[in-house]
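Report on the structure given below.
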Amino acid sequence: MSTDLSSPLLDRAGAVPGAGRDAAVAMHYGDPLREQRLIVSGAGWVDRSHRGVVEVSGADRLSWLHDITSQHLRELREGTGTEALVLSPHGHVEHHAVLAELGGVTWLDLEPGSTAALLAYLQSMRFLLRVDPADVTAEWAVLSVLGPTADEVLARAGVPPPAEPSEVVSLAGGGWARRMPAFEQPDGEPIPIVDLVVPRDLLREAAERLTHAGAVPAGLWAYDALRVAARRPRLGVDTDHRTLPHEVGWIGVAVHLDKGCYRGQETVARVHNLGRPPRRLVLLHLSGESEELPATGDPVESGGRTVGRVGTAVRHHELGQLALALLKRSVSAQDPLTVGGFAAVVDPSSDLTDVPRARSDTMRL
């Protein structure tokens, strides 16, 4: 679909657009560190309207999605959501989607720029089943509300906040709200998150209602800083073409270990049984000696050899320069690390003694 999805919220005062896959939305509205602090102490909304949205209708949709993804979806209940992956035949992650089951339709929202490839795969797997996947990105937009007072803000804005992770509720003007697992901060309270999916032509109106209800406008830089501190990966940034679900904490979150065969399942089972994924996702504290943050894909080195790759690098309002990185399993907590020639230290929350554990905030079925 060639529709221009540049957000109308880029017209807001102070808005600075992103780059690359994030060019359609704001990176910040003038002061990203202040935006982070205001979210942590109250609530903010983040424009994520560049995410792709796919709807799947038809009587066979849940059993069909169950068979072709990593998640157990046959009994996904009305008004609930979860996460799912599409894997390659060798078990590498190709797509990550967040799902919502509502009104006889299964909704998937996913990384910007990945909709066409996922839809092509879905279309190729239809066969004679009663399913109808469609790209509806031009009609629907994602707007995230996060912070400790997010529920109060949503209530004042006329949005019934979902009560617990995975709950999905309908919105009066069309669309829905879904509570996501909170961003757990290393040294602070978890940051609650509710994603709204609203009609794209009402995006500006929805943002204004949230602003009047007490949420501050915040850009992706603020969102990513809190996401990185919570060690929450982003597909295509914190992952590469070789990434296995075990390496980035998606087992139990987007991969169900007690379900039937699906593409890549043999690799998932083998790595799970052996307990030895080749890499693991860690949170790095960067020295901050350089004002320039490392780029996605920059090497992490130890003793002159490359031992990993940088994913998302951010400036956190309290913790300074942080980055998510995929490190080889052989790296120990004692190994000195550098990124771009400057020192980096693995956060103690990143366990280098065992296989990365599944997150405790898994969205239920």
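Give me a count of the residues in the range 1-10 that are closer than 18 Å to T211 by Cβ and either without any contact (Cβ under 8 Å) to a residue 60 or more places away in the chain or under 17 Å from the mean Cα position of the chain (by Cα) (or both).
The qualifying residues number 1.
Please note which strands (runs of 3 or more DSSP E) are completely contained in the range 1-72 and include at least 1 residues that are closer than 30 Å to G91 by Cβ.
Because the criterion is at least 1 residues that are closer than 30 Å to G91 by Cβ, the strands (runs of 3 or more DSSP E) in the range 1-72 that meet it are 52-57.
Taking A141 as meeting all but one of (1) in contact with a His (Cβ under 8 Å, 6 or more places away or on another chain); (2) within 18 Å of V53 (Cβ to Cβ); (3) not basic (K, R), write down the number of the exception.
That leaves (1) as the condition not met.
Which one of these does V268 not meet: (1) assigned to a loop (DSSP other than H, G, I, E, B); (2) crowded, with 17+ Cβ neighbours inside 10 Å; (3) at pLDDT 95 or above?
Looking at each condition in turn, V268 falls short on (1).
Residues that are under 19 Å from the mean Cα position of the chain (by Cα), under 29 Å from L65 (Cα atoms) and not assigned by TED's automatic domain parsing to the domain that holds E318: which helices (runs of 4 or more DSSP H) entirely in the range 109-226 hold 1 or more of them?
The helices (runs of 4 or more DSSP H) meeting that bar are 115-124.
List, please: which pairs have Cβ atoms under 8 Å, are six or more places apart or on different chains, and start with a residue in the range 71-100 that is closer than 16 Å to D238 by Cβ and end with one that is basic (K, R) and in a loop (DSSP other than H, G, I, E, B)?
Sorted first by the residue in the range 71-100, then by its partner, the pairs are H92/R242.
Quick check on my filter: what residues within the range 328-365 are outside any loop (DSSP other than H, G, I, E, B), of a type outside the set (F, W, Y) and either closer than 14 Å to H285 by Cβ or at pLDDT below 80 (or both)?
Of everything in the range 328-365, those that are outside any loop (DSSP other than H, G, I, E, B), of a type outside the set (F, W, Y) and either closer than 14 Å to H285 by Cβ or at pLDDT below 80 (or both) turn out to be L337, T338, V339, A343, A344, V345, V346.
Condition check: in contact with a helix residue (DSSP H, G or I) (Cβ under 8 Å, 6 or more places away or on another chain) and under 28 Å from L257 (Cβ atoms). Does A141 satisfy that?
no
The values are calculated or read from the model by the stated rules, or taken from the named source; none is laboratory data. None of these values were measured; they are calculated from a predicted model. Reconstructed Cβ throughout: ideal geometry from the backbone, glycine too, with neighbour counts over all protein chains shown.
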